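Working notes, beginning with the structure itself.
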Number of protein chains: 2
Amino acid sequence: MIIDCHGHYTTAPAALGDWRDRQVQALAGDGEPPRPADLRIGDDEIRASIEANQLRQMDERGIDVTVFSPRASFMAHHVGDFATSAAWARCCNDLCARVGELFPDRFAPAAMLPQSPGVDPATCIPELVRAVEELGAVAVNLNPDPSGGHWSAPPLTDRSWYPLYEKITELDVPVMVHVSTSDNPAFHTTGAHYLNADTTAFMQLLQGDLFADFPTLRLVIPHGGGSVPYHWGRFRGLAQALGRPEPAQHLLGNVFFDTCVYHQPGIDLLLKVLPPANVLFASEMIGAVRGVDPDTGHHFDDTRRYVEQAGLAPANLAAITEGNARRVYPRLDARLRAAGR
Amino acid sequence: MIIDCHGHYTTAPAALGDWRDRQVQALAGDGEPPRPADLRIGDDEIRASIEANQLRQMDERGIDVTVFSPRASFMAHHVGDFATSAAWARCCNDLCARVGELFPDRFAPAAMLPQSPGVDPATCIPELVRAVEELGAVAVNLNPDPSGGHWSAPPLTDRSWYPLYEKITELDVPVMVHVSTSDNPAFHTTGAHYLNADTTAFMQLLQGDLFADFPTLRLVIPHGGGSVPYHWGRFRGLAQALGRPEPAQHLLGNVFFDTCVYHQPGIDLLLKVLPPANVLFASEMIGAVRGVDPDTGHHFDDTRRYVEQAGLAPANLAAITEGNARRVYPRLDARLRAAGR
């Protein structure tokens, strides 16, 4: 089985964007904000938006199941306040859950959190619990920079995050560390901010000792870990200089990397540098890069090709495409097992 | 000849730090700020600080010449105002020039600019001209984020930078795009901020069309380009989505990458992905990572080992260790030729 641990609902029906537009307009004093219950999208619309897009390409690429979370760039936690994010997260999480209900064999939902800049992360716990316990979310996306590119939040090792980690570990869901739209003109959202966030999060973890306090917490760093595998020697050397253990010992029991790296040499590096147990197959399809590579004739984000051509031993390939995801996402594993898979 | 295009004076005599401390204290209302002329460091002190450190390791590693600029993390453009940075840049640039005078065969000076957050980059032109024309600087370091990790400056393609580029191209010196200390607790300076800046700068250039306006401007992105070579497929795909030309056509006539990547797989990737004409040998020794890799018994930052073990054809290796630097840094080439080298 091929499990893609990193998909977003980038193709949601237009009514979702309209709802958000009205919410943003209300923040500017134009009308009342819509309620989550005002969002009306029919099952047929959801089916169509998935079948023509993610599902079609999953079939073409042989991807069996995708962990499916709200569109990352739309989370935009910097917009409005906690109430804004709370209503918006509810809408987006509900929709991903409905995709999982309509295509139970193909999509497992993951949730966004109603984060807001400067607001205590503990405020996200009710939506986290609702998403996991009521909607069946198998993972949660955590934004290390809810300010949208201004990086005003403390590092992920700060104790202000701890109440959230306590609930996350209690629920036994992994965290994908994923920023959203850049509100800073210096940072292109998918070309700089996403990759920078991955590197930044890893270095925060390297500096700290978060997993001493949360030994079962599991963080997935997307986009192949930003620059981390490419600069693995630098991180090892910095760990040494900072008096931290080797990153392999210090972090790799709890930190995992996805394969959203869109060319063969990058995937080869990722798989050479990191142990197979720490890499999870993913494509982020349909996401930041949707085009066809003119050099290969295949989609840039068709990462299965790269992973399968990386020369992995069969057992390692199976771990990366399925086994690691079942281990890191136990609620996904339970969902699959309940269906006899 | 082996030319290292990326060295910093990280081992300057303590008097430099003392001078800076007094300058910072004066900003806090404690005393008068020192003048550049108040900095007194003898030639013997400079010699000792170099011979025991950079020069010793250059000899051990077979590096002939280093392009030597002020300590990057000490630039700290976010401290004080333009006058603060102007006095500080003068001190630091003078010292690097003196290293170049004391060891003319081994060090060629490069300059920092007196940038200050929110201040017109054109204010840096007098120090730039002084450094190049009077001190013999062969390159200049430009900080894309003088705020120190808050990223309040416009992208490098913004027209506010243009007067500086006009003078830089007139002087025919390359720019190394290099941030300084992070004043933001989210970003570790050398483990996140430096790498993020490299990625950010490249993506800014990809989005824009700077080299249409400055066809002879040459930018060196340090630290192996941050995450750029590792995510080269992503950047190609984003360029396609943004309607930009292939990065190889759009940027590689003007953008170069150094080899400050501290493990063999990273260097192998860099040299596989980027054309040999776009890679310049560098180590940033003595810099962020000073330790010995327990796995190899060699310094992490002994990048010559990695580059020489990457399986390059001899002509490409020679380009990376010498020829490209002579081409990209014509004032370095002139300096070497004047000495019959």
Practice item. Please work out if A:ILE63 is crowded, with 17+ Cβ neighbours inside 10 Å, more than 20 Å from the chain's Cα centre (by Cα) and of a type in the set (A, V, I, L, M, F, W, C). Key: no
Study note, to complete from the structure: Listed by range, helices (runs of 4 or more DSSP H) wholly within region B:11-109 having at least 2 residues that are within 19 Å of B:ALA131 (Cα to Cα) are B:72-75, B:82-102
**Study point:** Unmet requirement for A:GLY100, which otherwise passes all of (1) touching a residue at least 12 places away in the same chain (Cβ under 8 Å); (2) open to solvent by 10 Å² or more (accessible area, probe 1.4 Å)
**Key:** (2)
Exercise for review: Only residues that are open to solvent by 30 Å² or more (accessible area, probe 1.4 Å), part of a helix (DSSP H, G or I), more than 16 Å from B:HIS263 (Cα to Cα) and free of Cβ contacts under 8 Å to residues at least 60 places away in the same chain: list them for region B:306-322, please.
Suggested key: B:PRO314, B:ALA315, B:ASN316, B:LEU317, B:ALA318
Review point. Does region B:138-159 contain at least one residue that is of a type outside the set (Val, Ile, Thr), surrounded by fewer than 22 Cβ atoms within 10 Å (Cβ to Cβ), in contact (Cβ under 8 Å) with a residue 12 or more places away in the chain and assigned to a helix (DSSP H, G or I)?
Key: no
**Study point:** Failed item, numbered, when B:PRO163 is tested on (1) assigned to a loop (DSSP other than H, G, I, E, B); (2) open to solvent by 30 Å² or more (accessible area, probe 1.4 Å)
**Key:** (1)
Exercise for review: Answer yes or no: is there a residue in region A:307-323 that is touching a helix residue (DSSP H, G or I) at 6+ places or on another chain (Cβ under 8 Å), among the hydroxyl-bearing types (Ser, Thr, Tyr) and more than 14 Å from chain B (Cβ to nearest Cβ).
Suggested key: yes
Review point. In this structure, does B:ARG40 turn out to be in contact (Cβ under 8 Å) with a residue 24 or more places away in the chain, closer than 26 Å to B:ARG326 by Cα, basic (Lys, Arg) and open to solvent by 10 Å² or more (accessible area, probe 1.4 Å)?
Key: no
Check your understanding: Within the set of pairs 6 or more residues apart or between chains, which connect a residue that is over 15 Å from A:ALA197 (Cα atoms) and away from every other protein chain (no Cβ under 11 Å) inside region B:176-193 to a residue that is polar (S, T, N, Q) and outside any loop (DSSP other than H, G, I, E, B) with Cβ atoms less than 7 Å apart?
Key -> B:MET176/B:ASN141; B:HIS178/B:ASN141; B:SER180/B:SER73; B:THR181/B:SER73; B:THR181/B:THR189
Exercise for review: Run down A:VAL173, A:VAL220 and say which single residue is assigned to a loop (DSSP other than H, G, I, E, B), more than 11 Å from chain B (Cβ to nearest Cβ) and open to solvent by less than 30 Å² (accessible area, probe 1.4 Å).
Suggested key: A:VAL173
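Hey, among the residues in region B:260-285 that are among the β-branched types (Val, Ile, Thr) and within 12 Å of chain A (Cβ to nearest Cβ), which one's most open to solvent (accessible area, probe 1.4 Å)?
Result: B:VAL273.
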Review point. Is it fair to say A:LEU270 is assigned to a helix (DSSP H, G or I) and farther than 19 Å from B:ILE267 by Cβ?
Key: no
Review point. Which residue pairs have Cβ atoms closer than 8 Å, lie 6 or more positions apart in sequence or on different chains, and pair a first residue in region B:207-230 that is touching a residue at least 60 places away in the same chain (Cβ under 8 Å) with a second residue that is among the acidic types (Asp, Glu)?
Key: B:VAL220/B:ASP258; B:PRO222/B:ASP198; B:PRO222/B:ASP258; B:PRO222/B:GLU284; B:HIS223/B:ASP198; B:HIS223/B:ASP258; B:HIS223/B:GLU284
Practice item. Go through (1) within 11 Å of another protein chain (Cβ to nearest Cβ); (2) open to solvent by less than 10 Å² (accessible area, probe 1.4 Å); (3) aromatic (Phe, Trp, Tyr) one by one and return the number of the condition B:TRP232 breaks. Key: (2)
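The values are calculated or read from the model by the stated rules, or taken from the named source; none is laboratory data. All values derive from a computational prediction rather than experimental measurement. Please note: Cβ atoms are built from the backbone with ideal geometry, for glycine as well, and neighbour counts cover all protein chains shown. To get the accessible areas, we keep the full protein, side chains included, count just its heavy atoms, and leave off ligands, DNA and RNA. Shrake-Rupley method; radii C 1.70, N 1.55, O 1.52, S 1.80 Å.
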